[in-house]
Amino acid sequence: MMLLLALTAALAAAQAGERVPPGGALPGGALIVPPAPRTIAIDERLAADARLRVGDRVVLSAASGGAGDTVVVAAITRRGADPSEVARDEYRVRLHLDHLQALAGYGDRVDRFAVATTRPGATGRVLDDVNRVAFGFRAHRSADVAVGTSRTFQVVSRFHRAIGVITIVASAIFLLCILLLKVEERRRDVAALRLMGISRASVVRSIVLEALLVSLFGAALGTLVGWAGTLLINWHYQGVYRTPLTFALVTPGIVLFAVALSVALGVGAGLAAAVRLVRMPPLALFGR
Amino acid sequence: MRAALASAALQRHPVRTLLAVLGVAVSAALLLDMVMLASGMRESFRQFLLIQGFQLRVSPKGTLPFDSEATIERAGWALATLRAHPDVVTVSPILGAQTHTLRGDSAHTAFAVGVDPGVQGDYELLRGANASAPDRVVANEAYLRLTGRRLGDTLDVVVGFDPQFRSYTGRRALVLVGVGRFYYTATNQAVLAVPLATLQAMSGAARADRVSLFMAKVRAGASVEAVRAWIERTIPKVTAISTETAVAQVEERLGYFRQLAFILGAISLVVGFLLVTTLVTVSVNERVGEIAVMRAMGVSRAHVVQQIVLEGFAISLAGAVLGLLLGLGTARYLNAILSDFPGLPATFDFFLFQPGAAWRSLGLLVLSGILAGIYPSWRASSLPIATTLRREAVA
Amino acid sequence: MTGDGGRRGAAARAVAGVQPPVAQPSSAPVPAVRAVALARSYPMGGEEVRAVRGVTFDIADGEYVAVVGPSGCGKSTLLNLLGVIDRPTAGSVAVRGRDVSAMSDREATRFRLHNVGFVFQRFYLMPTLSARENVELPMAEAGVGRAERRARALELLRYVGLGARERHRPSQLSGGEQQRVAIARALANSPALLLADEPTGELDARTGAEIIDLFGRLNADGTTIVVVTHDEELARAARRVIHMRDGEIVRDEGRGTG
């Protein structure tokens, strides 16, 4: 079945754009009305690549170069956002079931049935009933099938998570380093404040507040850049793979996590550096 | 003296220096991993295809090897034709089929390759003997673990098995004579190798005189492309691809990882650069007084810059060395994750260490560390001496 | 520092590295410093501040000159101009017959390295280097070999009375000791001119007196010294005192004695 779907729809030389009205004449003038050609639906990708439009006639066959049926393109479909189809360059053609069975010589066979139950609670009972009487096939929940076929994406997801962890660790180190430097730059200011009589607690509070503001601002900017990045990523990959699938998504949860982590690290680093500075004698901070 | 000054400056703030080195190390590790990922897939796949030296693969038209269940018809004639070409040294025919090993009520699934043991390039024999007779079979370790069988056991193997009807197209008793490491099958996939004629017979009429794939070895010095083109002209309904083309096609499919590698690698480089710039800038700003005094003493601008740039270089170098070790470790971890891709051959690596690429990328990071120090140090050494000293005295 | 003054003096001169002036045939000896209508102004807060206003004077070789005056009178600026770490806005200054007022940055840097030694109020030693390494710094820049500069650094430290403290870092030295190290550093490349800006400004009276003595010894051994100071004791120790006010020289006492 996959083979059939993956095969090209062979184009007869005069097919594209042809709209030959059915009909012809028998000797003696009686009108013969040949049966109307069957209709198919093709996907956007095939339509674009083969320059097909609704109404075009093509020849559809099960074997490359073999005899087939002349059919009419009745519709152009858009694929759903199915991750499993992302890297595949296949074309999709939809036919009426009986037409495909006849074309492929399949006879009265199908690959699977998709069953919708009347209510969610009935699914288990239907599953059991079917499997009890099934002969030569089995019933599965769609969710279980999805788990089995989604291993590729589980792997990609784990990979992304690992990369994410690495970049978070890296970002944390950078953040700590830079905030430490930032606070150290202020050592003379701190010395002056302490010499003036400002308490350690007040100095620490003001530095931590500064670190908090820097972290918040940085996190906001970072969120904006990240969001712009997802737009770019989606635009790029949706074009490359010709799919409406969303590749990158910024969710409120992700934003919250990123902001919380940045702020926690920033404030933590600021606090550590500030406490270290106020512990030193003010004159030592001046370098004396 | 400049090196001594640079070293002393770094030791002055050990925590700061350590954090900076760590930061650069993580950048370096990520950069190295991305370089390994970008070039690794291509190189690993090429090495993997050339394991036994077969440069050409002939598969049913429009498909990649074992991409579908399609087969090449008139296999005997095709094989003879291929072998007759003066530039073709070896041709290995392969038929793939799903098998079941029956034992009581249980039926273990295994992928079987029907091969000509004398010329096959699908596995290396680890122990035992090759499947040189019609009723012999070689299995991999995964098969042995799955079935609990051992060398010398007789296996009840069927092809085209329907578990509910317990029907099959072919059934044989095969003696397990050898254990092999199969190059092209997925990790943990149970695999059997049987003589081609045996598997064809077991697969029934539908597979008589058919193979899934030919692998061809071309004579040294001959044009692989010429042979490839000749094959497609001569043998109907096949696609012949060279190793390079196969590599390019797989690379296209895995293009996402290459792009990810490039983007993350570039970001690592930029972040490493920014970190060293920031560190050097702050460090220099703290020492403008010292720098002005050095200039007053008669130390040239260039030498001041050199000393400070040395600090950036030292941090980057230390970070790069640490990053190399870290990167190799994380690459193994990431490779283990990606190796879990369903259907991926066990011998395929996403991350491959290539010394040339690794040294170049780490060298680039160290260079960026050097460049990061140039601007802040030049700026500091160009400050007017008298004004700076006055300002520092007031401060 | 008494005793066999002759032999000791010669040895000390060798250590201090005093170089004889370039003698001009049948003409007056070249002064160590000649300033002619020297002026320096700079903008500050939208106004033009004239720190030094057209001063003219000579300093002979081997003179010991103190420049005194109230804060803001331009004495430090004058010192910076003599030491070629600042450039005049008008006039000229020549050190040992060489016009330094229009030198490029590179030339000025080279000139300072070999001809001028600076001593600052705040010492400005490299905190990460030992006393000996601080003294070696200018010699390293001048390309002196490691063994040679090490030996000379030790000699200079002994000369200033710190031979036993060569390995100590500045943080391990008292203020007076740090200033001695700074003086030794200033003498590293045997400069023609030793310039000191408030060298006793951060020292107590007793330590300051030790530094004053040291300067006296240096001058006795032939070093040309110009100090800027508020310290009366230091001013008294000098043989010539130039009084400045509002960027001009208002009095020049003890001139011509050197």
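The table below gives the values:
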| read-out | value |
| --- | --- |
| Boolean, B:Ile315 is among the β-branched types (Val, Ile, Thr) and more than 14 Å from chain C (Cβ to nearest Cβ) | yes |
| Those residues of the stretch B:2-49 which are over 22 Å from B:Leu279 (Cα atoms), in contact with a helix residue (DSSP H, G or I) (Cβ under 6 Å, 6 or more places away or on another chain) and aliphatic (A, V, I, L, M), in sequence order | B:Leu32, B:Met34, B:Val35, B:Met36, B:Leu37, B:Ala38, B:Leu49 |
| One residue from B:Ala78, B:Ala112 being in a helix (DSSP H, G or I), at pLDDT 90 or above and either out of contact with any Phe, Trp or Tyr (no Cβ under 7 Å at 6 or more places or on another chain) or within 30 Å of B:Gly221 (Cβ to Cβ) (or both) | B:Ala78 |
| Checklist (1) closer than 27 Å to B:Gly272 by Cα; (2) buried (at least 16 other Cβ atoms within 10 Å of the Cβ); (3) of a type in the set (Gly, Ala, Ser) applied to A:Ala191, failing item | (1) |
| Failed item, numbered, when B:Val238 is tested on (1) at pLDDT 90 or above; (2) more than 14 Å from every other protein chain (Cβ to nearest Cβ) | (2) |
| Output for the stretch B:318-349, where each listed residue is more than 28 Å from B:Gly272 (Cβ to Cβ) and outside any loop (DSSP other than H, G, I, E, B) | B:Pro345 |
| Residue within the stretch B:232-248 that is in contact with a His (Cβ under 9 Å, 6 or more places away or on another chain), surrounded by fewer than 16 Cβ atoms within 10 Å (Cβ to Cβ) and without any contact (Cβ under 8 Å) to a residue 12 or more places away in the chain present | no |
| Scan of the stretch C:50-97 for residues that are of a type outside the set (Val, Ile, Thr), in a strand (DSSP E or B) and within 12 Å of chain B (Cβ to nearest Cβ), ordered by number | C:Ala51 |
| Members of the stretch B:329-348 that are touching a helix residue (DSSP H, G or I) at 6+ places or on another chain (Cβ under 7 Å) and more than 14 Å from every other protein chain (Cβ to nearest Cβ) | B:Pro345, B:Thr347 |
| Verdict on A:Phe159 being within 13 Å of another protein chain (Cβ to nearest Cβ), surrounded by 12 or more Cβ atoms within 10 Å (Cβ to Cβ), out of contact with any Cys (no Cβ under 6 Å at 6 or more places or on another chain) and touching a residue at least 60 places away in the same chain (Cβ under 8 Å) | no |
| Test: B:Gln249 is more than 10 Å from every other protein chain (Cβ to nearest Cβ), assigned to a helix (DSSP H, G or I) and under 24 Å from B:Met36 (Cβ atoms) | yes |
| Filter result for the condition that a residue is among the hydrophobic types (A, V, I, L, M, F, W, C) and either farther than 22 Å from B:Ser203 by Cα or surrounded by fewer than 20 Cβ atoms within 10 Å (Cβ to Cβ) (or both), over B:Leu82, B:Leu95 | B:Leu82 |
| In the stretch B:370-389, the residues that are without any contact (Cβ under 8 Å) to a residue 60 or more places away in the chain, assigned to a helix (DSSP H, G or I) and crowded, with 16+ Cβ neighbours inside 10 Å | B:Ala386 |
| Qualifying residue in the stretch B:66-80 (condition: in contact (Cβ under 8 Å) with a residue 40 or more places away in the chain, within 26 Å of the chain's Cα centre (by Cα) and outside the structural domain of B:Ala261 (by TED's automatic domain parsing)) | yes |
| Residues located in the stretch C:104-150, provided they are closer than 15 Å to C:Gly175 by Cα, facing chain B (nearest Cβ under 9 Å) and more than 16 Å from the chain's Cα centre (by Cα) | C:Met126, C:Pro127 |
| All positions within the stretch B:3-22 that are more than 8 Å from chain C (Cβ to nearest Cβ) and surrounded by 14 or more Cβ atoms within 10 Å (Cβ to Cβ) | B:Ala6, B:Ser7, B:Leu10, B:His13, B:Val15, B:Arg16, B:Thr17, B:Leu18, B:Leu19, B:Ala20, B:Val21, B:Leu22 |
| Which listed residue, of A:Asp128, A:Asp111, is modelled with pLDDT under 85 and either more than 14 Å from every other protein chain (Cβ to nearest Cβ) or exposed (fewer than 12 other Cβ atoms within 10 Å of the Cβ) (or both) | A:Asp111 |
| Only listed residue being without any contact (Cβ under 8 Å) to a residue 60 or more places away in the chain, more than 14 Å from every other protein chain (Cβ to nearest Cβ), aliphatic (A, V, I, L, M) and surrounded by 17 or more Cβ atoms within 10 Å (Cβ to Cβ), chosen from A:Ala201, A:Ala219 | A:Ala219 |
| Residues that are surrounded by fewer than 21 Cβ atoms within 10 Å (Cβ to Cβ), out of contact with any Asp or Glu (no Cβ under 8 Å at 6 or more places or on another chain) and under 24 Å from C:Leu113 (Cβ atoms), drawn from the stretch C:149-168 | C:Ala151, C:Glu155, C:Arg158, C:Glu166 |
| Some residue of the stretch A:205-212 being over 23 Å from A:Ser171 (Cβ atoms) and at pLDDT 90 or above | yes |
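The values are calculated or read from the model by the stated rules, or taken from the named source; none is laboratory data. For clarity, every value in this text was computed on a predicted model and none was experimentally measured. Every residue, glycine as well, gets a Cβ built from its backbone with ideal geometry; the counts of neighbours run over all protein chains shown.
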